[in-house]
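Quick notes on the structure that follows.
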Amino acid sequence: RFKRLAEKKESDYFSDYLDAITRAFGPHTGYLPRAEKEDFDINMSGKLEGIGAVLREDDGFIKVVRIIPGSASWRQGELSAEDVILKVAQGNKEPVSIVESPVRDAVKLIRGRKGSTVKLTVKKPDGMIKIIPIKRDIVIIKSAFAKSGIFKTNDRQFGYILLPSFYRDFDDNKNRNAAQDVKRALIKLNKLGTDGLILDLRNNGGGSLKDAVEIGGF
């Protein structure tokens, strides 16, 4: 922790300073530096350009937690959960070590434009070192989208909609958004003749005001 504090850049302190100012003037206002803005856009749109691997920091190493089904890593087939990523190379460039790097910095190197190739130097659980080339692609995070279903109790059936966030792709209105997904779910549940509805907003951190208002209207 102290090592990373010592390595903080002037831009990091500047971001903290701007965030403090915006919060002082508006309790619901914050400043997002570039990296956090990218994460915000990913959470809001439910998609990103990358390899489709969930990572975590483990005692100074970057470890793969799981592979997202259907992603570039899943299709390539060599990267697995519990693999440790030691180095990252962009195309044919020299690899860069990510040992003792924060997971955010590692992710920044691994993500990239659709169609570009990243080469990961990986240590397998059995100790084998392997270089794995992966062509980046669009990763759809299905857990970010609304889900619906029906459950029955005491001879009655109830509709159920789980909404993780009020998501929307602000760069492309043709992509999925929370309001239209919930509307489709409501139409489907109404056709099935439900006696009531549960809208599950547990762990929903908010999101697009436009979608929240439309869903309230529905």
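Read-outs: derived from the displayed coordinates by stated rules, not from any lab. All figures in this text were calculated on a predicted structure; none of them were measured in a lab. Cβ placement follows ideal geometry from the backbone for every residue including glycine, while neighbour counts extend to all protein chains displayed.
Taking 19 Å as the straight-line reach from the Cα of residue 124, the lysines in range (excluding those fewer than 8 positions away in the same chain) are 63, 87. With R₀ set to 35 Å, the beta-carbon distance separating residue 25 from residue 99 gives a calculated FRET efficiency near 0.30. Dividing the helix sum by the residues of the chain, where each DSSP H run of 4 or more adds -39500 (n - 2.57), gives a mean residue ellipticity at 222 nm of -9000 deg cm²/dmol. When only the Cβ of Lys, Arg, Asp and Glu is charged (+1, +1, -1, -1), the dipole of the chain relative to its Cα centre reaches about 580 debye.
Count the net charge of all other residues whose Cβ sits under 11 Å from the Cβ of residue 158, scoring Lys and Arg as +1 and Asp and Glu as -1. Net charge around residue 158: +1.
Listed by chain and number, the aspartates and glutamates whose C-alpha is less than 18 Å from the C-alpha of residue 183, apart from same-chain residues fewer than 8 away, are 169, 195, 200, 211, 214.
About the centre of its Cα atoms, region 67-124 shows a dipole size close to 280 debye [charges on the beta carbon of Lys, Arg (+1) and Asp, Glu (-1) only; nearest 20 debye]. The protection proxy used here, the mean number of other Cβ atoms lying within 10 Å of each residue, ranks peptides 140-151, 176-187, 44-55 as follows, highest first: 44-55, 176-187, 140-151.
Remark: the Cα gyration tensor places region 1-51 in the oblate category, a/c being 1.5 or greater and a/b not exceeding b/c. With a threshold of 28 Å on the Cα-Cα distance, the over-threshold entries among 8/210; 152/188; 9/108; 108/142 are 8/210. Listed by chain and number, the aspartates and glutamates whose C-alpha is less than 13 Å from the C-alpha of residue 135, apart from same-chain residues fewer than 8 away, are 49, 78. Around residue 148, what is the net charge, scoring Lys/Arg as +1 and Asp/Glu as -1 over all other residues with Cβ under 13 Å from its Cβ? Local charge sum for residue 148: +3.
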